[in-house]
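Colleague: Shown below is the structure under consideration.
A short reminder: the numbers here are calculations on the coordinates, not readings from a lab. Just so you know, these numbers come straight off a predicted model, no measurement behind them. Using ideal geometry, Cβ is built from the backbone for each residue, glycine included, and neighbour counts are taken over all protein chains shown.
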Amino acid sequence: MKKLFAILFALLLANPVFAADGDGLPAGLNAIPDAVHNLLSFAESQMGAAYRRGGISQESGFDCSGFVSYVFDHVEGISLPHNARAMSMIGSRIRVADLKPGDLVFFRIMRSGISHVGIYLGDNRFIHAASTQTGSVMISDLTESYWARHLAAARRMIAPGE
């Protein structure tokens with residue numbers, strides 16, 4: 001029995017889930033499905049693209065929902081509305097505590113309801129087109145007081161294992 005536990009422990013340590021990920025994604029993301037990994041890699045390749053209200057491409061700039069819909073359509077062929085509030089009504093509703101990389105996070109910044117969206121990367125990080133901070137596609141932390149205070153919902157657009 002001890003030998004079996006030693007073998008299992010050695011396999012656990014050799015598991016790539018615990019290895020550092022060499023492509024800039026948070027450690028452990030190499031264990032996620034290929035579809036989600038591709039989605040996150042492509043999203044990160046858009047870092048620094050300019051913010052533009054109503055924007056839908058890297059060349060002209062993105063707004064938050066334009067960025068998210070561009071990434072999902074380009075990588076997965078999933079057509080999402082160009083509106084954060086409309087996006088927040090499709091997909092599978094999930095608890096924030098159950099967030100997985102590739103899920104969408106929604107924020108209530110204005111009193112009128114959901115007004116901002118980003119793609120969850122893991123480790124409390126999300127990528128989004130931000131107008132008020134850098135004016136570009138950037139990564140932020142859900143635990144930062146501003147984002148934590150405005151976080152309103154989370155949705156899953158890609159089923160686990162896809």
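Colleague: In nm, give the distance between the simple-model label positions of residue 134 and residue 148, each being 7 Å from the Cα along the Cα-to-Cβ direction.
Modeller: 2.2
Colleague: Moving to a separate point now. Enumerate the calculated ³J(HN,Hα) couplings along segment 137-154 in order (Karplus 6.51 cos²θ - 1.76 cosθ + 1.60, θ = phi - 60°), each rounded to whole Hz, writing x wherever the residue is Gly or Pro.
Modeller: 5, 8, 10, 10, 10, 4, 8, 4, 3, 4, 5, 4, 5, 9, 4, 10, 6, 9
Colleague: Mind listing the long-range amide H neighbours of residue 125? Cut-off is under 5 Å, sequence gap 5 or more, other chains count too, H placed in the peptide plane at 1.01 Å from N.
Modeller: Distant-sequence amide H within range of residue 125: 142.
Colleague: Separate question: Are there trypsin sites (Lys or Arg not before Pro) in segment 37-91 that DSSP puts in a loop and that have at most 15 other Cβ atoms within 10 Å, and which ones? Numbers along the way, then the final one.
Modeller: Details: sites: 52, 53, 85; in loops: 52, 53.
Answer in residue order: 53.
Colleague: Once phi is turned into θ = phi - 60°, what whole-Hz ³J(HN,Hα) does the Karplus curve with 6.51, -1.76 and 1.60 give for every residue of segment 38-53, x standing for Gly and Pro?
Modeller: For segment 38-53, the Karplus-derived couplings read 4, 4, 5, 4, 5, 4, 5, 5, 8, 3, x, 4, 5, 7, 8, 4 Hz, x marking Gly and Pro.
Colleague: Also, I was wondering about something else. Given bins 10 angstrom wide, list per bin the percent of all Cα-Cα distances in segment 32-156, short to long.
Modeller: The calculated distribution, bin by bin, is 15, 52, 32, 2.
Colleague: Further question on the same structure: How long are the three semi-axes of the equivalent ellipsoid for segment 49-117, computed from the Cα gyration tensor as the root of 5 times each eigenvalue, in whole Å, largest first? Mind showing how you got there, number by number?
Modeller: Details: eigenvalues 79, 49, 21 Å².
Listed largest to smallest, the semi-axes of segment 49-117 are 20, 16, 10 Å.
Colleague: Another question about this same structure. Are there trypsin sites (Lys or Arg not before Pro) in segment 105-146 that DSSP marks as loop and that have at most 12 other Cβ atoms within 10 Å, and which are they?
Modeller: In loop regions of segment 105-146 (DSSP not H, G, I, E or B), the sparsely surrounded trypsin sites (Lys or Arg not before Pro) are 111.
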